[in-house]
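*Asks:* Here it is, the structure, as C-alpha cells.
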Amino acid sequence: MKNFYFEDKTQKNSKELENMYNLLLDHIISYMKINKDIYLSCSIVNDEEIHSINKEYRKIDRPTDVISFAYNDYNEGDNEPFLDLGELVISLETAYRQAKEYNHPFEREMAFLFIHGVLHLLGYDHVHSDKEAEVMFGLQNNILNSFKYDYKELNI
C-alpha cells in the first residue's frame, strides 16, 4: 500500500503533478521491488521557500531544485511493516529553469527531481564517491527512462 501526501504550495499544476507523482511512485516501488507499505510526503514550492529551507537546514544560502528529508535511516526500518521514507521539497521555479537549460520538457525535469529525491530517501547518495554517484545516477536514469507517461504540458 502506498500513502502519498502531496501539496502544491505554488497552486500551479496541482492535479497534473499529483497524478504524475502517484504513477511515478508506483513505478519506483515496482522497479526497486519494495514490498512494504510506503509513506511519502512531497511539497512543491517556489524558489523563495526552498531557499529558506536550504539555508536553515543545509546552511546553503541559495535555492536548490530538490531537498530530501529522511525520517529514518532506510536500513533502520528493516523490521518494520512499513517504510516511512520522509519528505521531498521540490522547487517548481528551479525545475523550470533547469528544464530550459538542459533543453528537455519541464515534466521530465519534475519527474527526474522526484526520482532523485526518492533515491536519496532510499539511502542512495552521490556526494561521497564517484562510485556512489555512478550507481545513483545510473539507477535514476534507468527509472526515468522506463517510466511510461503521457506527459502533458504543465503550465507554470
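*Asks:* Label 7 Å along Cα→Cβ of R62; segment 99-140 residues with amide nitrogen under 18 Å?
*Replies:* Under 18 Å, as judged by backbone N against the label point of R62, lie 99-102, 127 of segment 99-140.
*Asks:* Compute the normalised compactness of segment 26-155: alpha-carbon radius of gyration over 2.2 N^0.38 Å, N being the residue count.
*Replies:* Expressed relative to 2.2 N^0.38 Å, the Cα Rg reads 1.07.
*Asks:* I'd like to compare 39-45, 13-19, 113-119: which one has the highest average count of other Cβ atoms within 10 Å, and what's the full order after that? Don't jump to the answer; show the numbers that get you there.
*Replies:* Numbers: 39-45: 21.1, 13-19: 16.4, 113-119: 22.9.
Final packing ranking: 113-119, 39-45, 13-19.
*Asks:* Anything in the chain that counts as a DSSP H helix reaching 20 Å or more along its axis (C-alpha) with Kyte-Doolittle mean of at least -0.5? List them, would you?
*Replies:* Details: long enough: 14-31 (25 Å, -0.15); 106-121 (23 Å, 0.87); 130-146 (24 Å, -0.40).
Passing helices, by number: 14-31, 106-121, 130-146.
*Asks:* Could you do me a favour and compute the accessible area per residue for segment 52-127, 1.4 Å probe, result in Å²?
*Replies:* 53
*Asks:* Given a cut-off of under 8 Å on Cα pairs at least six residues apart, what relative contact order in percent is computed for segment 87-150?
*Replies:* Numbers: 39 pairs, mean separation 15.8, N = 64.
Normalised by residue count, the contact order of segment 87-150 is 25 percent.
*Asks:* Output the relative contact order of segment 6-156, whole-number percent, from Cα pairs under 8 angstrom with separation of 6+ residues. Don't skip to the answer; put the middle values down first.
*Replies:* Details: 211 pairs, mean separation 37.1, N = 151.
That works out to 25 percent.
*Asks:* At a Förster distance of 22 Å, what's the computed FRET efficiency of M1 paired with M32, Cβ-Cβ distance as r, to 0.05?
*Replies:* Computed FRET efficiency for M1 and M32 comes out at 0.90.
*Asks:* Express in nm, to one decimal, how much length is gained between N19 and K100 on full extension, taking 0.36 nm for each residue of separation and deducting their alpha carbon distance. Write out the running numbers ahead of the final one.
*Replies:* Values: separation 81, 0.36 × 81 = 29.16 nm, distance 2.28 nm.
My answer for the length gained is 26.9 nm.
*Asks:* Under a GNM of the chain (C-alpha, springs under 10 Å), which listed residue has the highest mean-square fluctuation: D84, D65, D130?
*Replies:* Greatest mean-square fluctuation among the candidates belongs to D130.
*Asks:* Based on DSSP, what percent of beta bridges with both residues in segment 1-128 are antiparallel, to the nearest 5? Could you put the intermediate results ahead of the total?
*Replies:* Details: 5 of 21 bridges.
Among the beta bridges of segment 1-128, antiparallel pairing accounts for roughly 25 percent.
*Asks:* Quick check: net charge around M136, other residues with Cβ under 14 Å of its Cβ, Lys/Arg +1 and Asp/Glu -1?
*Replies:* Details: positive: K131; negative: D125, D130, E132, E134.
With Lys, Arg at +1 and Asp, Glu at -1, the neighbours total -3.
*Asks:* Shifting gears a bit: So which of K12/K59; K2/K59; K9/K36; K15/K148; K12/K100 end up more than 22 Å apart, counting from Cα to Cα?
*Replies:* Numbers: K12/K59 28 Å; K2/K59 32 Å; K9/K36 29 Å; K15/K148 18 Å; K12/K100 18 Å.
Exceeds cut-off: K12/K59; K2/K59; K9/K36.
*Asks:* At a 1.4 Å probe radius, carbon and sulfur cover how many percent of the accessible area of the chain?
*Replies:* Values: 4010 of 8820 Å².
Of all accessible area on the chain, carbon and sulfur atoms account for 45 percent.
The values are calculated or read from the model by the stated rules, or taken from the named source; none is laboratory data. Note that the coordinates shown come from a computational prediction; the quantities given were computed from them, not determined experimentally. Note that we place each Cβ from the backbone using ideal geometry, even for glycine, and neighbour counts take in every protein chain shown. The area values use the complete protein model at the heavy-atom level, side chains included, leaving out ligands, DNA and RNA. Shrake-Rupley method; radii C 1.70, N 1.55, O 1.52, S 1.80 Å.
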